[in-house]
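Inspection log for the structure reproduced underneath, given as structure tokens.
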Amino acid sequence: MTRRQKLRYAIANQKGGVGKTTTAINLAASIAQAGERVLLIDMDSQANASHGLGVRVSPGQPSVFEVLLGETSLASVARGCSVPNLEVIPSSPDMAGASVMLPFLERREFRLRDALAREQEFAARFRFVFIDCPPSLGLLTVNSLVAAERVIIPVQGEYYALEGLAQLMSTISAIQERLNPALRIAGLVLTMMNARTSLGRQVEQEIRTHFPDLTYRTVVPRNVRLAEAPSHGVPVSMLDPTCSGSDAYFDLALEVIANG
Ligand code: ATP
Ligand code: MG
């Protein structure tokens with residue numbers, strides 16, 4: 001793999017609240033701050049990734065939803081944010097309608113990939129694309145996994161960490177077989193870890209035993225600054241560049257850049 005290869009990463013886990021959006025925002029921001037051009041696509045109707053970077057779509061304005069419907073272009077909804085080199089394709093609460101509309105559209109699993117393919121000039125501007133998925137395995141996550149070459153799986157470092165992972169892995173395999181043979185798991189990342197507790201160490205051990213070659217070395221600790229940053233509309237590195245959360249996402253960015 002050449003260093004200049006452009007890759008698209010879906011950040012997925014159907015389990016809710018495991019750190020998908022926190023990882024999407026802070027990984028995208030860390031790589032953008034290192035000087036690469038990055039695009040973050042928000043595929044969740046909660047719009048947490050958009051809001052966490054200070055990007056809000058007013059009522060009536062188009063978002064990623066209209067892009068999926070084929071009514072507008074990615075380039076026309078892309079917005080800059082507080083981080084230089086980072087652009088956002090925002091979501092909005094209208095996306096809640098996507099689960100109703102998408103099943104009736106042609107090439108319903110390929111809507112995001114087709115939009116990126118239609119706009120090659122726009123897509124070519126970004127070395128990295130991250131796609132923040134909603135907490136489900138529905139069509140929005142399927143569209144994200146079909147549009148991506150890699151998937152990053154955040155896993156919360158707690159007792160039920162492995163719950164649901166088997167179903168996620170079999171969904172990824174089914175998509176590889178039927179819709180996107182290029183898809184690979186880039187890695188699992190342990191989030192919200194409390195490494196000082198024996199439960200934390202036990203969960204980390206268990207994940208590393210189950211997925212020895214697939215777990216990133218970097219572990220994201222539980223860090224209150226990571227939870228506070230979204231309310232300021234900035235990544236953690238701009239709120240507190242020296243906190244443990246900021247360090248962890250910078251280290252994870254280095255691993256992602258190095259491993260492809
Ligand atoms: P959803 O499934 O609803 O989309 P998610 O998987 O995107 O959730 P996040 O929104 O990233 O998860 O995180 C869930 C909550 O935990 C948020 O309030 C977030 O600020 C907080 N959080 C995430 N990572 C950390 C961390 N390492 N330390 C402390 N708080 C964290
Ligand atoms: Mg989220």
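Laid out as a table, the results:
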| read-out | value |
| --- | --- |
| Contact order normalised by residue count of the range 6-108, Cα under 8 Å, 6+ apart, percent | 29 |
| Calculated P(r) tail over 21 Å for the range 154-260, as whole % of Cα pairs | 45 |
| Ordering of 158-164, 137-143, 31-37 by burial proxy (mean other Cβ atoms within 10 Å per residue, highest first) | 137-143, 31-37, 158-164 |
| Approximate spin-label separation TYR159-ALA124, in nm, with each point projected 7 Å along Cα-to-Cβ | 5.4 |
| The range 203-246: proportion of alpha-carbon pairs further apart than 14 angstrom, % | 55 |
| Under the Karplus curve 6.51 cos²θ - 1.76 cosθ + 1.60, θ = phi - 60°, whole-Hz ³J(HN,Hα) for the range 117-127, x wherever Gly or Pro sits | 6, 5, 10, 4, 5, 5, 4, 5, 5, 10, 6 |
| Sequence-distant residues sharing a close amide H with MET193 (under 5 Å, placed H) | GLY157, VAL220, ARG222 |
| Residues with amide H under 5 Å from that of THR215, placed H, sequence gap 5 or more | LEU188 |
| Most fluctuating residue given options ALA47, ALA227, ALA78, as computed from a GNM of the chain linking Cα atoms under 10 Å | ALA227 |
| Simple Cβ-charge dipole of the chain, Lys/Arg +1 and Asp/Glu -1, about Cα centre, in debye nearest 20 | 420 |
| ALA96-THR197 FRET efficiency (beta carbon distance; Förster radius 35 Å; 0.05 resolution) | 0.40 |
| Stretchable slack from MET238 to GLU106, in nm (0.36 nm times residue separation minus alpha-carbon distance) | 43.3 nm |
| Cβ-Cβ FRET estimate between LEU254 and GLU206, R0 fixed at 25 Å, reported to 0.05 | 0.50 |
| Approximate shape of the range 9-68 as ellipsoid semi-axes (Cα gyration tensor, √5λ), whole Å, largest first | 20, 16, 11 |
| Mean ellipticity per residue at 222 nm, deg cm²/dmol - from DSSP H runs of n ≥ 4 across the chain, formula -39500 (n - 2.57) | -11000 deg cm²/dmol |
| Cα-based equivalent ellipsoid of the chain: semi-axis lengths in Å, sorted from largest, via gyration tensor | 27, 21, 17 |
| Debye-sum result for the range 33-168 in log10 I(q)/I(0), which assumes one identical scatterer on each alpha carbon, at q = 0.12, 0.14, 0.16 Å⁻¹ | -0.47, -0.64, -0.83 |
| Cα centroid of the range 206-258 to Cα centroid of the range 21-89, whole Å | 19 |
| Stokes-Einstein D in µm²/s, Kirkwood radius over Cα pairs - the range 93-171 at 20 °C with 1.002 mPa s viscosity | 149 |
| Separation of the ARG184 and ARG217 label points, Cα + 7 Å toward Cβ, nm | 1.8 |
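Read the figures in this text as sums done on the coordinates, not as results from a lab. Owing to the predicted nature of the structure, the values given are computational and were not obtained by experimental measurement. Quick reminder, even Gly has a Cβ in these numbers, built from the backbone with ideal geometry, and neighbours come from all protein chains shown.
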